[in-house]
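Colleague: Handing you this structure, nothing more for now.
Please treat every number below as a calculation from the coordinates, not as lab data. Remember, it's a predicted structure, so these values are computed and weren't measured experimentally. Every residue, glycine among them, receives a Cβ derived from its backbone with ideal geometry; neighbour counts consider all protein chains shown.
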Amino acid sequence: MTSPAFDGFRRPDGVVGVRNHVLILSVTGLTGPTARRIGRAVPGARVVTTPYGSGLVGADAALQRRALTAFGAHPNVGAVLVIGASPPLVDEVVASIALTAKPVEALILDDCDHDALTLTERGTRIAARMMREASRARRVPVPLAELFLGMECGRSDPSSGLVANPLVGAVVDALIDAGGRAVFGETIEWLGAEHLLTARAASPEVARAIEAAVLRRERNAIDAGLDLLGNNPGPTNIAAGLTTIEEKSLGAIAKGGRSPIRGVVGIADPLPGPGLYLMDAPAYAPESVGGLVASGAQLVLFTTGVGNSFVSGLAPTIKISGNPVATRRLREQLDFDASDVFERRASLADAAARLQALVLEVASGTLTWGEILDEGEDVVSRLGPAL
Amino acid sequence: MNWQATTLAAGDNVATVLQPIAAGETVAVWTAAGVIAITALEPVALCHKIALADLAAGTAVIKYGQCIGQTTAPVRQGGWVHVHNLRSRRAQAAGGQTT
């Protein structure tokens, strides 16, 4: 790395954020529109909502609760207003977020005479005060080891496996060597490359977990009567030159570098410690990125071939492509142009050094295109039918 | 050094083209053993694959030094390798049914 540190926000519980967001967190579907209205009234505030509520059961309900709570507890969030329709869920989420010692307040529709406008008015005042207080925070130098990267690829093409993913892998390797954390998911895109991942597993248990996760997804596809060709790779991938899931996977796993794989975590689960982890999770970008960010990733490295505008709202998302056509066209989407490597005008090592520098710069406050254009969203996967 | 296509590992029998290729064009291909020349039999779009050898139907197609699927029809050296003549060996429903 060109610099051993970045400037971040040290939270009361010791974790480090690379942003200092005020979050309006709606934990029930009924209050989503009100959360968005409060967000519009307090420019700069982030909003996370869910369309779901009391019909969720079992693991599905647990995941929603865990992930929504994690968005509130996220290190990039400096203060949270939790809103919901009724007390039990709101109280639980608030109690969990309060363990981080960051400011958190709650508003419940039941306490506002079921009037969304009353909730809007009270919420807007709270959010406005939170914004003012949050703006008092200042960045401090922190060591690289406190960085936690999530890696994602979307709308990939063969340039992703050739250039963008290996570049990200090089940055991840340097971070892991420095004691940091990183995670990537998209289990179906390990299929065909799982032998390369298991060879890097830190233990036989981890290798078995990787194999089991891939087999489950493969069986899901078969049980659904799916021929993966046409689903993943999808039509855009295929038009761009990818053919089979094996080809896509072999390119995709390059974004995880070459470090040992410490374990396989579930969607939105925190990492047990430093090092590189896999997340057993869906591949579609909003669900995948949502899981990585809920696990605590402060910053996402998102590679693309032909372009993909989706970013996290909470974690700055650096868009990277090596496709010369895409990088010329998508100047306000792609944060890092690696087409010089594709066109043999620069070495992968030189480009990796430039990308490492950009990562530290963005971690220290430089805005990504996704942040400037407000493309961000943070969502939670569903695991089963609701009542 | 300039080349229009690249392999990713020793043993690859396809190369990724780094610029659009026209039929009849001579393509310089980077390989671990040095740059070789292949004549394209048909157009190959940016980032698509060109066969480096004659591949009989059912041959494992190798990229990244790994199998990415198998040919479903014979492909001649210089031919375009894509979903019309290559398919996955994984995640196929019983009986190899395709949708």
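Colleague: In percent, how large is the relative contact order of the stretch A:1-73, given Cα pairs closer than 8 Å and 6 or more residues apart?
Modeller: 26 percent
Colleague: Please list, short to long, the whole-number percent of alpha-carbon pairs of chain B in consecutive 5 angstrom bins beginning at zero.
Modeller: Per 5 Å bin, starting at zero, the Cα-Cα P(r) for chain B comes out as 3, 14, 25, 24, 17, 9, 4, 3, 1, 0 percent.
Colleague: Next question, about the same structure. Restricting the count to DSSP beta bridges whose residues both fall in the protein assembly as shown, what percent are antiparallel, rounded to a multiple of 5?
Modeller: Within the protein assembly as shown, antiparallel bridges account for around 40 percent of the total.
Colleague: Please tell me the relative contact order of the stretch A:135-232 in percent, rounded to the nearest whole number, where contacts are Cα pairs under 8 Å and at least six residues apart.
Modeller: Here the relative contact order equals 25 percent.
Colleague: With contacts defined as alpha carbon pairs under 8 Å and 6 or more residues apart, what's the relative contact order of chain B in percent?
Modeller: 25 percent
Colleague: Sticking with this structure for a sec: Identify all lysines with a Cα-Cα distance to A:Lys319 below 23 Å; exclude those on the same chain that are fewer than 8 residues away in sequence.
Modeller: Within the straight-line limit of under 23 Å, A:Lys319 reaches these lysines: A:Lys248, A:Lys255.
Colleague: A further question follows. Given points 7 Å out from each Cα along the Cα-Cβ axis, report the A:Leu367 to A:Asp223 separation in nanometres with one decimal.
Modeller: Label-label distance for A:Leu367 and A:Asp223, simple model: 4.6 nm.
Colleague: Taking a cut-off of 42 Å, what percent of all Cα-Cα pairs in chain A are separated by more than that?
Modeller: 10 percent
Colleague: May I pose another question? Which loop-located trypsin sites (Lys or Arg not before Pro) does the stretch A:312-380 contain, where loop means any DSSP state but H, G, I, E or B and the Cβ has at most 15 other Cβ atoms within 10 Å?
Modeller: Passing both the DSSP loop test and the Cβ count: A:Arg331, A:Arg344, A:Arg345.
Colleague: Check each of the trypsin sites (Lys or Arg not before Pro) in the stretch B:7-83 and keep only those in coil by DSSP with at most 12 other C-beta atoms within 10 angstrom; list them in order.
Modeller: Listed in order of number, the matching sites are B:Arg76.
Colleague: Working out 0.36 nm times the residue gap between A:Asp13 and A:Ser347, then minus their Cα-Cα distance, what length gain in nm do you get to one decimal?
Modeller: Extra length from A:Asp13 to A:Ser347 when fully extended: 116.1 nm.
Colleague: Report the dimensions of the stretch A:284-387 along its three principal axes from the alpha-carbon atoms, largest first, rounded to Å.
Modeller: Extents along the principal axes, in whole Å: 57, 28, 24.
Colleague: I would also like to ask the following. Over all Cα pairs of the stretch A:21-134, how is the pair count split among 10 Å bins, expressed in % and running from 0 up to the last occupied bin?
Modeller: Cα pair-distance distribution for the stretch A:21-134, in percent: 16, 53, 29, 3.
Colleague: Here's another thing I want to ask about it. When the Cα centres of the stretch A:343-387 and the stretch B:3-40 are compared, how far apart do they sit, in Å?
Modeller: First find each Cα centre; the distance between them is then 31 Å.
Colleague: Neighbour counts of other C-beta atoms within 10 Å: give me B:Thr31, B:Thr39, A:Thr304 arranged from fewest to most.
Modeller: Listed from fewest to most nearby Cβ atoms, that is B:Thr39, B:Thr31, A:Thr304.
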